[in-house]
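The values are calculated or read from the model by the stated rules, or taken from the named source; none is laboratory data. Fair warning: this is a prediction, and the values are worked out from it, not measured in the lab. Here Cβ is always computed from backbone atoms with ideal geometry, including for glycine, and neighbour counts include all displayed protein chains.
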């Protein structure tokens, strides 16, 4: 089995990234490639599902920091869902909860995008 | 007894480094949660060596040794990528960090948060040593 992989699917207008395995300095470029592709396709509303991610180092956290502003500048965001406690603790140590939205379930994160679209109208 | 692992400086080896540390940390008596902190701290230290000391050259060597003494789990990581002064790396202000999106410094910050002690030494022959210490559960 691959050490890490990322799968992209659609939930309405929102793109959902499923992360699997171990996200470190070796595998972070795969996640960067996925984000670059989303931006190329003008997809800025992104939910990352961490359900199958077992491990993250600062190289992985850096990827979200590198892309979040582009998403937000284009009326999108990167929202996090289904994170295991051990992985969440690392995000917490680096101050992410003050600046990013975390949801227990993917569905809620996706809904949040839908409701913010409606409120703009 | 001292256990050692020596690997080339490539991110491909981070997995074997983590496996080695996991085995030793659990063997020393740490619970999963504490073992995971040590694993991440060692990953961060080695990632910094691969990136900054060896600048992604695979020729470099990383020597890791683990010692269990006086109720302390001591991980020593040595590279010979040229001397490095940890005081020149500013500690990130986490809020500012997110605004500036400047990479770097996060690994060292995490290491400090995750371990009980982090010590940097300049050794002879252009070698650097990072010592990561975690106190064993009493």
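Quick notes on this structure:
- Some residue of segment A:41-52 being closer than 30 Å to residue B:19 by Cβ and within 13 Å of chain B (Cβ to nearest Cβ): no
- Residues (out of contact with any helix residue (DSSP H, G or I) (no Cβ under 9 Å at 6 or more places or on another chain) and more than 20 Å from residue A:43 (Cα to Cα)) located in segment A:90-121: A:92, A:104, A:105
- Filter result (in contact (Cβ under 8 Å) with a residue 24 or more places away in the chain and out of contact with any strand residue (DSSP E or B) (no Cβ under 9 Å at 6 or more places or on another chain)) within segment B:57-97: B:57
- Subset tally (residues that are more than 14 Å from chain B (Cβ to nearest Cβ) and either within 15 Å of residue A:77 (Cα to Cα) or touching a residue at least 24 places away in the same chain (Cβ under 8 Å) (or both)) for segment A:25-40: 5
- So residue A:80, is it without any contact (Cβ under 8 Å) to a residue 60 or more places away in the chain and under 19 Å from residue B:113 (Cβ atoms): no
- Residue among A:22, A:100, A:67 that is free of Cβ contacts under 8 Å to residues at least 40 places away in the same chain and in a strand (DSSP E or B): A:22
- Taken over segment A:25-60, the criterion of being assigned to a strand (DSSP E or B) and surrounded by fewer than 18 Cβ atoms within 10 Å (Cβ to Cβ) is satisfied by A:51, A:52, A:54.
- Residues being surrounded by 14 or more Cβ atoms within 10 Å (Cβ to Cβ), within 11 Å of another protein chain (Cβ to nearest Cβ) and part of a loop (DSSP other than H, G, I, E, B) - total across segment B:1-59: 1
- Applying the criterion of being within 14 Å of chain B (Cβ to nearest Cβ) and outside any strand (DSSP E or B) to the residues of segment A:1-18, the residue that is farthest from the chain's Cα centre (by Cα) is A:1.
- Any chance residue A:21 is at positive phi, within 14 Å of another protein chain (Cβ to nearest Cβ) and modelled with pLDDT of 95 or more: yes
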